[in-house]
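The values are calculated or read from the model by the stated rules, or taken from the named source; none is laboratory data. The structure presented is a predicted model; accordingly, all values stated were derived computationally and were not measured. Positions of Cβ are backbone-derived with ideal geometry, glycine not excepted, and every protein chain shown enters the neighbour counts. Protein only, heavy atoms only, side chains kept; ligands, DNA and RNA dropped before computing areas. Shrake-Rupley method; radii C 1.70, N 1.55, O 1.52, S 1.80 Å.
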Amino acid sequence: MLKSVAEVMTRDPITVKTETPLRDTIKIMAEKGISGLPVVDDIGKLIGIISETDLMWQQAGVTPPAYFMIFDSVIYLKNPLEYERELHKALGQTVGEVMSKKPITISPEKPLREAAKILRDKKIHRLPVVNDSEEIVGILSLSDIIRDMAQSQSE
């Protein structure tokens with residue numbers, strides 16, 4: 001029998017809000033050994049996700065985009081809007097300034113196989129699990145799937 005996402009996901013995940021200071025978020029992630037957290041609004045609706053990758057901009061900084069000039073024109077070799085977004089993440093102080101918006105999600109009744117395929121194909125480490133109202137009900141991480149695989153093999 002195929003397992004569903006609900007059977008393997010972590011229920012009631014720790015969440016943060018857009019106004020949560022980054023220092024508090026970093027502390028939670030480090031203490032709990034979590035690589036990412038769902039970001040919710042006041043009613044528990046998922047609005048983003050903050051991950052270790054989002055936080056690395058704080059430490060690594062950003063490199064201005066390469067450009068060259070022809071006459072009085074500047075031609076960027078990389079999208080300057082991308083640089084602006086990266087700079088904003090590097091200087092951000094709250095979750096809302098640094099989080100990734102519109103994360104890929106999955107519903108709890110979907111087959112685990114479908115979730116695993118999304119994680120593999122999109123090269124992401126976690127999938128927020130949301131109900132029909134877009135409220136977070138769980139999170140499915142690569143670790144959850146590996147744990148389930150190990151448990152299934154020992155049965």
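Apply the Karplus parameterisation 6.51 cos²θ - 1.76 cosθ + 1.60, with θ equal to phi minus 60°, to every residue of segment 98-104 and state each ³J(HN,Hα) to the nearest whole Hz, in sequence, with x for glycine and proline.
10, 4, 8, 8, 6, x, 5
Grab the other residues whose beta carbon is less than 12 angstrom from that of GLU135, score K and R as +1, D and E as -1, and report the net. Walk me through the intermediate numbers first.
Working: positive: LYS45; negative: ASP12, ASP41, ASP42, ASP132, GLU134.
Here the charged neighbours net out to -4.
Accessible area of THR53, 1.4 Å probe, to the nearest 10 Å²?
Estimated to the nearest 10 Å², THR53 gives 100 Å².
Compute, for ASP12, the solvent-accessible surface of its heavy atoms (probe 1.4 Å) with the complete set of protein chains present, and express it in square angstrom to the nearest 10.
Ignoring ligands and nucleic acids, ASP12 comes out at about 130 Å².
Calculate, for segment 105-149, the solvent-accessible area per residue in square angstrom, rolling a 1.4 angstrom probe over the heavy atoms of the protein chains. The partial results should precede the final answer.
Working: 2600 Å² over 45 residues.
Counting only protein heavy atoms, the per-residue value for segment 105-149 is 58 Å².
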